[in-house]
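Nothing in this text is a laboratory measurement; each read-out follows from the coordinates by a stated rule. Small disclaimer: the values here were computed from a predicted structure and weren't measured. FYI the Cβ positions are ideal-geometry reconstructions off the backbone, even for glycines, and counts take in every protein chain you see.
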Amino acid sequence: MAVYALGDRVPDIHPDAFVHPDAVVIGLVELGAGATVWPGAVLRADYGRIRVGDRTSVQDGTVVHATGTLDTVIGARCVVGHLAHLEGCVVEDDCLVGSGSILLHRVVVRSGALVAAGAVLTPGTEVPARALARGVPARIVPDAVQPGEFDRAVALYVENGRRYAAELRRLD
């Protein structure tokens, strides 16, 4: 796996986390227990800090960045879909961030919310708990998500991380 310190900015990866060999983790990145980072994902914390909570998956091709004044925080039990872009935002626990979505500076996604695939959340947008954010720019649909709606997806990626850690081997 491509894990890099940048000066004194050193990643803190829980021993139960899985980082795919083709992912890139740089700087002040903290990965919780059971977190997974998949091929092509880039987590670059060269200025601010990136925190990824327990049992959260950051899927293929996702870019997570922080700024000098805005950390990026992704809570526990979240699923961040393929090719998403998160920068200087907060995603609370138990959320799903859809494939290809963009979450910009000072965005806050409250617990249990869903950001639909391809949605663009402009700076300062707040998605209430259990709401759906969809469209470009995103529009909010309140009370659209049932509690526990993402539990199966979270469990699948935790198990997939264990499987990959045990069985993945490179064939040259």
Checklist entry - Fully extended, how many nm does the chain gain between Ala117 and Asn160 (0.36 nm per residue separation, minus their Cα-Cα distance)? => result 13.3 nm
Item to check | Residue-by-residue Karplus 3J(HN,Hα) for segment 29-46, coefficients 6.51, -1.76, 1.60, Hz, glycine and proline x | outcome: 10, 10, 10, x, 4, x, 5, 10, 10, 9, x, x, 6, 10, 10, 10, 10, 7
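So what is the calculated 222 nm ellipticity per residue for the chain, using -39500 (n - 2.57) for each DSSP H run with n of 4 or more, over all residues, to the nearest 500 deg cm²/dmol?
Details: 1 runs with 17 residues, N = 172.
Here the helix-only value at 222 nm equals -3500 deg cm²/dmol.
In the chain, what percentage of the DSSP-assigned beta bridges are antiparallel, given to the nearest 5? Numbers along the way, then the final one.
On the way: 4 of 47 bridges.
In the chain, approximately 10 percent of DSSP beta bridges are antiparallel ones.
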Next on the checklist: What are the ³J(HN,Hα) couplings of segment 71-83, residue after residue, when phi is run through the Karplus curve with 6.51, -1.76, 1.60 and θ = phi - 60°? Round to Hz, x for glycine and proline.
Outcome noted: 6, 10, 10, 10, x, 7, 6, 9, 10, 10, x, 4, 6
Checklist entry - In nm, to one decimal, how far is the Arg152 label point from the Asp22 one, both placed 7 Å along Cα→Cβ? => result 2.8
Item to check | From phi via Karplus (6.51, -1.76, 1.60), per-residue ³J(HN,Hα) for segment 135-149 in Hz, x at Gly/Pro | outcome: x, 9, x, 5, 10, 9, 10, x, 6, 9, 10, 7, x, x, 4
Checklist entry - By average Cβ neighbour count within 10 Å, what is the ranking of 103-109, 116-122 from highest down? => result 103-109, 116-122
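Sorted by average packing, counted as other Cβ atoms within 10 angstrom per residue and highest first, what order do 6-18, 66-78, 46-58 take? Mind dumping the intermediate values first?
On the way: 6-18: 14.5, 66-78: 19.8, 46-58: 22.6.
Those peptides, ordered most packed to least, come out 46-58, 66-78, 6-18.
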Checklist entry - Under 5 Å between amide H atoms, partner at least 5 residues away or on a different chain: which partners does Tyr47 have, H built in plane at 1.01 Å? => result Ala66
